[in-house]
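Data first, discussion second: the structure below is written as structure tokens.
The values are calculated or read from the model by the stated rules, or taken from the named source; none is laboratory data. Bear in mind the structure is a predicted one, so any value in this text is a computation, not a measurement. All Cβ positions, even for glycine, are placed from backbone atoms using ideal geometry, and neighbour counts span all protein chains on display.
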């Protein structure tokens, strides 16, 4: 089972990175430029509160997961890894 | 207190200013819209920030930076901007999204970028300017009202410099919408506009021009702003209004060497300029500018750039002239523009 | 020496009344106007309470005594009603209006028409397109009031109408005009309702400014205008003077497109500069009508700025947005009229729904109506997107 989970997570992480690049208009970046474990906000990619809201829209539109409180979003969007873990837990 | 133009930055359908070849010749557009010849925005704006910026903000911020570079200044004391339509693209995007998605799951970015003060805000963030920040939006009078505000602030002595900008964009969707309503001439380019003045419609344009205004004259100063005024509806004839306006600056029509008119090729609007052309200023150079930048609410920002450049170089490009005068020296220029016989705007600037 | 600027007339239409008298009556009896949306057709109407003016566009037109076509936005109609009242209260006759100026503010312009019609344009309705732009509602008001000389429009998000008042005052102080009617108007629209909803800063319940449990703002709509006159223009009509526009200032937070900085820099500067501009001291301010939207960010940063400026000498303050909602471009002038009512009647209207102060900056607003309060100087704030922060001070004469 862990093997399937790994493949699933890898694919999800790749998909997330593509989506992040697209909806946040990170024109210059490739998937490989985003480190799975690095913080997305403040340092790392330097995303801000508006980007967080865009990611909340992504969660609901693409994954059907509704995040009611923007403050909750902060923890979920810490890194691509935490986002992927949140999705796999809540789908 | 005097007001000098000490820096200019512009992104226009005729290219960017300052640049070596600016207006060496006219860029031709076979039909509207006349869109800007954009620079490489990355040369001015951090790519990480650029990602979220729509065309309206990019044009505005980049031209403001060009202006500050031209004036060799980093932080202005105050920022005043003018726009007629604000961010058209993002307003339309958010509106389309909300209609298509029936008010569900909307992206916030186009909404927050649709407010009219978005350029003034971005310039403040970029320059760290915490002081006076204002945006005027009254149709074709927006720029002159912003200019008046700047002049008044400088005259009080509380500010010694102001960054002043005029920005408007055209999108294909907005152009097509107005095409349905016969705002534009069909299949007439900017070089044929004047010859087709006997029909309705004009040519669409866009652009962003920023000025660094200062109480202090320097070697590089382009010109001195003497006075500016807007009148919603004339209570007297055009001639009398202009004469009174000039008199308030201790000038007479005979003192004006060049009149720059907001003629736009629309027969339903251009008739207002007839008496200027045929009577009041029969001994002055008369010229026009909307075949260079197209018609948009803050096009008079482009007119001010043109006038300032003419005063500095003492050269009037042939392709803007409608009437020549015997005098070669250009000391005083009057800019006059109006739309639909409303919002008459007058500005005088002089050689410095 | 620049002339003093006096307020000689006020007019207002909001969720709590169609004129000054109705608004005052509602404020006095603690009757707020926030409720389920009835006029605006939106999927959010049950879940996002808002401060709607309780009339349809045709009912507004009836009050004005005019026939309207598709090119009359709700923003224009609200503005016309409020502006007319202000001029009537100032007692300025038709023949004296020509040489007046009008400076009006709006953030939404004719969007209420555009969003309904733009997918359905017909030869009969197509003139709505001309009414979309901000400047159109100002011209409709100018035409209705027969003002022809100086007509101007300002749009700086939520601080718009305070800036319009400032711009009008500057025309007077620089001796370019003797009289200006200044203010603003914004109608509710799906555009703004959904816009703020996408930012997740709307409260599904009644807004609670400065409260620890605050969840966001309720939108509102309305219009208000002040008639400003120079001391010369007012000679012989001193009985019309409501108050003096004593000081004002405009600053920018220069931090983020929508959020305010943690140290409330823009707000702090606007307030301190306004006090300085009015030749006053901090201790001269008797009451503050705060911006107080009920959002986590605004109320915290405004509290920080208030604390930075006033410290333990913080005057009495309240936000009246639980009464009217956040009326965006009209917020500044609507709250200016409320501030003037406070000044005239020596009455402070409470900050409804307040229970517990903000943990990180515990300031306590006025929570009960206060009467017979000795008030000489009232300060009012409006802080907007784009970091546009403005403050006005009105003084009793």
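Observations on the model:
- Positions within segment B:191-225 being over 23 Å from residue B:290 (Cβ atoms) and surrounded by fewer than 24 Cβ atoms within 10 Å (Cβ to Cβ), in sequence order: B:214, B:215, B:216, B:217, B:218, B:219, B:220, B:221, B:224
- Failed item, numbered, when residue C:38 is tested on (1) under 24 Å from residue C:207 (Cβ atoms); (2) free of Cβ contacts under 8 Å to residues at least 24 places away in the same chain; (3) surrounded by fewer than 16 Cβ atoms within 10 Å (Cβ to Cβ); (4) under 22 Å from the mean Cα position of the chain (by Cα): (4)
- Members of segment A:52-91 that are within 19 Å of residue A:37 (Cβ to Cβ), in a loop (DSSP other than H, G, I, E, B) and either touching a residue at least 60 places away in the same chain (Cβ under 8 Å) or more than 11 Å from the chain's Cα centre (by Cα) (or both): none
- Residues of segment B:113-147 that turn out to be more than 8 Å from chain C (Cβ to nearest Cβ) and either more than 29 Å from residue C:198 (Cβ to Cβ) or in contact with a strand residue (DSSP E or B) (Cβ under 8 Å, 6 or more places away or on another chain) (or both), as a count: 7
- Within the option set C:183, C:195, being touching a helix residue (DSSP H, G or I) at 6+ places or on another chain (Cβ under 9 Å), outside any helix (DSSP H, G or I) and either closer than 24 Å to residue C:230 by Cβ or at the interface with chain B (Cβ under 8 Å from one of its Cβ atoms) (or both) holds for one residue only, C:183.
- Listed by position, the helices (runs of 4 or more DSSP H) enclosed by segment B:33-112 that each have at least 2 residues that are away from chain C (no Cβ under 14 Å), in contact with a strand residue (DSSP E or B) (Cβ under 6 Å, 6 or more places away or on another chain) and farther than 30 Å from residue B:186 by Cβ are B:55-71.
- The residue list B:307, B:325 contains one member that is in a helix (DSSP H, G or I) and in contact with a strand residue (DSSP E or B) (Cβ under 9 Å, 6 or more places away or on another chain), which is B:307.
- Qualifying residue in segment B:54-67 (condition: without any contact (Cβ under 8 Å) to a residue 24 or more places away in the chain and within 20 Å of residue B:119 (Cβ to Cβ)): yes
- Any chance residue C:337 is touching a helix residue (DSSP H, G or I) at 6+ places or on another chain (Cβ under 6 Å) and either more than 26 Å from residue C:197 (Cβ to Cβ) or outside any loop (DSSP other than H, G, I, E, B) (or both): no
- Picking from residues in segment C:117-140 that are more than 10 Å from chain B (Cβ to nearest Cβ) and under 29 Å from the mean Cα position of the chain (by Cα), the one that is farthest from residue B:95 (Cα to Cα) is C:140.
- Checking residue C:65 against (1) without any contact (Cβ under 8 Å) to a residue 40 or more places away in the chain; (2) in contact with a helix residue (DSSP H, G or I) (Cβ under 9 Å, 6 or more places away or on another chain); (3) farther than 30 Å from residue B:122 by Cβ, the condition it does not meet: (2)
- Count of segment C:15-58 residues which are within 24 Å of residue C:200 (Cα to Cα) and not in a loop (DSSP other than H, G, I, E, B): 4
- Of the candidates C:149, C:143, the single residue that is free of Cβ contacts under 8 Å to residues at least 24 places away in the same chain and within 10 Å of another protein chain (Cβ to nearest Cβ) is C:143.
- Sub-8 Å Cβ pairs linking a first residue in segment B:229-246 that is free of Cβ contacts under 8 Å to residues at least 12 places away in the same chain and within 14 Å of chain C (Cβ to nearest Cβ) to a second residue that is assigned to a helix (DSSP H, G or I) and surrounded by fewer than 15 Cβ atoms within 10 Å (Cβ to Cβ), at least 6 apart or interchain, are B:236/B:244, ordered by first then second residue.
- Hey, residue C:266 within 23 Å of residue A:51 (Cα to Cα) and in the same structural domain as residue C:350 (by TED's automatic domain parsing) or not: no
- Evaluation of residue A:47 against (1) touching a strand residue (DSSP E or B) at 6+ places or on another chain (Cβ under 6 Å); (2) surrounded by fewer than 15 Cβ atoms within 10 Å (Cβ to Cβ) (one fails), failing number: (2)
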